[in-house]
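The values are calculated or read from the model by the stated rules, or taken from the named source; none is laboratory data. These numbers were taken from a predicted model, which means no experiment stands behind them. Quick reminder, even Gly has a Cβ in these numbers, built from the backbone with ideal geometry, and neighbours come from all protein chains shown.
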Amino acid sequence: MPRGDKSSYTDKQKRQAEHIEEGYEHRGVSEKEAERRAWATVNKETHGGKKSGSGRGTKEDHSPSRKGGRLGGAASAKRPASERSRSAKKAAKTRKRRAA
């Protein structure tokens, strides 16, 4: 089987990779890099291809998906408290106006 062949992956794994890839592209990652990262995440979560004969029974590990969320917010934390407070007040004001 040549490298990059996705025939040993289930339809669910292919959907997962597509969804993850879209998320990366939405955040501004290039198409090629987004695809690479998406498949790396699927491989780490599901331990590779799951079609028959490839250890179907292994449990999924979702820690790679959670990792990104934990890393987020670093840029916001670097901003001074006054600036964060100002933007939070502005967002609250906008939400209040939309609710009315």
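Okay, residues lined up against (1) touching a strand residue (DSSP E or B) at 6+ places or on another chain (Cβ under 6 Å); (2) of a type in the set (Gly, Ala, Ser); (3) modelled with pLDDT under 90:
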residue	(1), (2), (3)
ARG37	no, no, no
LYS51	no, no, yes
GLY55	no, yes, yes
HIS62	no, no, yes
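Residue check: is GLY4 part of a loop (DSSP other than H, G, I, E, B), of a type outside the set (S, T, N, Q), modelled with pLDDT under 85 and out of contact with any Ser or Thr (no Cβ under 9 Å at 6 or more places or on another chain)? Answer is yes for this residue.
On the given criteria, is LYS67 part of a helix (DSSP H, G or I), surrounded by 10 or more Cβ atoms within 10 Å (Cβ to Cβ) and at pLDDT below 80? So LYS67 fits the description; yes.
For every residue, the table says whether it meets (1) in contact (Cβ under 8 Å) with a residue 40 or more places away in the chain; (2) within 20 Å of ASP61 (Cβ to Cβ).
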site	(1), (2)
PRO2	no, no
ASP5	no, no
SER8	yes, yes
LYS12	no, yes
TRP39	no, yes
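Restricting attention to segment 70-90, the residues being at pLDDT 85 or above, surrounded by fewer than 10 Cβ atoms within 10 Å (Cβ to Cβ) and either assigned by TED's automatic domain parsing to the domain that holds GLU21 or of a type in the set (A, V, I, L, M, F, W, C) (or both) number 1.
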